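Everything on this sheet refers to the single structure shown next.
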Amino acid sequence: MSQVKAYAALTNDADLVPHKIERRNIKDTDVKIEIDFCGVCHSDIHQVRNDWKNSKYPVVPGHEIIGRVTEVGSKANNFKVGDLVGVGCMVDSCRECDSCKENLEQYCENGATFTYNGVDKDLGGHTFGGYSEQIIVDKDFILKVPENLDTKAVAPLLCAGITTWSPLIEWNVKKGDKVGVIGLGGLGHMGIKFAHALGAKVIMITTSPSKAEDAKSLGADDVLISKDTEEMKSHANSFDFILNTIPVGHDINPYLGLLKRDGTMVLVGAIEPIDPVHGGALVTGRKRVAGSLIGGIKETQEMLDFCGEHNIVSDVEMIDIQNINTAFDRVVKSDVKYRFVIDMKSLKEA
């Protein structure tokens, strides 16, 4: 084992502070990564503050990890020292259930091992994430990052990116489809970029007229203000697909009226109860409401390859690790366009 620098929350009501954590010795199938950048996800805040009532302390967040390979195990021959790689939300799964065999490790029926606050099968206790100098991960859960992309801006693709890419691909969004994206934040801005790159007609759906210019600069063809009753009526029964990125419980019924017959709305943000759904809104148009959780390793690699081909990255604001607590507060206030990324050099040089 080796000790590395990290930032951790020691209790649910404390700031993140410098902390030392243990990393396992490298195994035959492992890859050691020196972390260069780590994205800040709202899930990090939920876990640090125990909003989901399952946090294990100390919490070292971070599941949007980009870095360089510094060591490889004898059986990890698909990687070499110096490779630019990424680690997302998972670092292992059972690999034997139907979901794992179908490359859907995020739905592992025996429980995927998440990058932080998961069960550490090697050292015991729980896993520690990317707010740290290094990480050691099994080769099957490491992603190759296209070298042509802006490396720091790749980090959020490993959560915000795949969370929006996966439903667009699963529901076969294609050229000419009319696609709505509800909410312009870390998830929504990636949904617009991907849907646009796939050739869809993209409509940003928001309560804020002030977001119209930003949405169009990201690739939206038009903006629909959901508080405007007449505007909503003009778009009724016209959307093939709606990606709903609102991160809290809300009334989805007005948006169901936007879907055409056999249209689908997929929830990717609200991991909590939502307001009652009016059955008639679904029954009368054979409409669907579904959910989607990140993506499997194979699909995440396909997303990264697509991003490399189309030069797609996230819009980011860089911070030093020493400013992480301020960044958390700003995320809660939606005061970032659109994701924070930590320059881990600030941790190594501290």
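In summary, LYS75 fulfils each of the numbered conditions (1) assigned to a strand (DSSP E or B); (2) surrounded by fewer than 15 Cβ atoms within 10 Å (Cβ to Cβ) with the single exception of condition (1). Inspect all residues belonging to the range 97-118 and state whether any of them is of a type in the set (Gly, Ala, Ser) and in a helix (DSSP H, G or I). Yes: the range 97-118 contains one or more residues that are of a type in the set (Gly, Ala, Ser) and in a helix (DSSP H, G or I).
All of ASP222, ASP240 fail the test of being within 22 Å of ASP177 (Cα to Cα), in contact with a Lys or Arg (Cβ under 9 Å, 6 or more places away or on another chain) and open to solvent by 50 Å² or more (accessible area, probe 1.4 Å), apart from ASP222. Quick check: anything in the range 282-295 among the charged types (D, E, K, R), part of a loop (DSSP other than H, G, I, E, B) and over 17 Å from ILE66 (Cα atoms)? Yes: one or more hits. In the set (1) of a type outside the set (Gly, Ala, Ser); (2) within 23 Å of GLU105 (Cα to Cα); (3) open to solvent by 10 Å² or more (accessible area, probe 1.4 Å), MET190 fails one condition alone, (3). If I filter the range 249-261 for residues that are in a loop (DSSP other than H, G, I, E, B), more than 20 Å from LEU224 (Cα to Cα), modelled with pLDDT under 95 and under 15 Å from the mean Cα position of the chain (by Cα), do I get at least one hit? For the range 249-261, residues in a loop (DSSP other than H, G, I, E, B), more than 20 Å from LEU224 (Cα to Cα), modelled with pLDDT under 95 and under 15 Å from the mean Cα position of the chain (by Cα): absent. In the range 14-36 there is at least one residue matching the filter, namely being in a loop (DSSP other than H, G, I, E, B), in contact with an Asp or Glu (Cβ under 7 Å, 6 or more places away or on another chain) and of a type in the set (Val, Ile, Thr). Comparison of GLY185, GLY161 shows that the only residue that is touching a Cys at 6+ places or on another chain (Cβ under 9 Å), in contact (Cβ under 8 Å) with a residue 60 or more places away in the chain and either over 24 Å from GLY269 (Cα atoms) or not polar (S, T, N, Q) (or both) is GLY161.
Between SER208, SER234, SER217, the distinction of being of a type in the set (Ser, Thr, Tyr), open to solvent by 30 Å² or more (accessible area, probe 1.4 Å) and modelled with pLDDT under 95 belongs to SER208 only. So, ILE182, is that one closer than 25 Å to ILE45 by Cα and of a type in the set (Val, Ile, Thr) or not? Criteria met by ILE182. The set of residues in the range 219-249 being out of contact with any strand residue (DSSP E or B) (no Cβ under 7 Å at 6 or more places or on another chain) and in contact (Cβ under 8 Å) with a residue 60 or more places away in the chain consists of PRO247 alone.
Under the condition of being open to solvent by 10 Å² or more (accessible area, probe 1.4 Å), within 24 Å of ASP122 (Cα to Cα) and touching a strand residue (DSSP E or B) at 6+ places or on another chain (Cβ under 7 Å), the residues counted in the range 21-56 number 9. Scanning the range 302-342 for residues that are surrounded by fewer than 16 Cβ atoms within 10 Å (Cβ to Cβ) and either of a type in the set (A, V, I, L, M, F, W, C) or touching a Phe, Trp or Tyr at 6+ places or on another chain (Cβ under 7 Å) (or both) gives GLU317, MET318, VAL332.
The residue list GLY295, GLY280, GLY263, GLY285 contains one member that is open to solvent by less than 20 Å² (accessible area, probe 1.4 Å) and farther than 23 Å from LEU184 by Cβ, which is GLY285.
The values are calculated or read from the model by the stated rules, or taken from the named source; none is laboratory data. Computed from a prediction, not measured in an experiment: that's the story for all the values here. Note that we place each Cβ from the backbone using ideal geometry, even for glycine, and neighbour counts take in every protein chain shown. Surface areas here come from the heavy atoms of the whole protein model, side chains and all, with no ligands, DNA or RNA. Shrake-Rupley method; radii C 1.70, N 1.55, O 1.52, S 1.80 Å.
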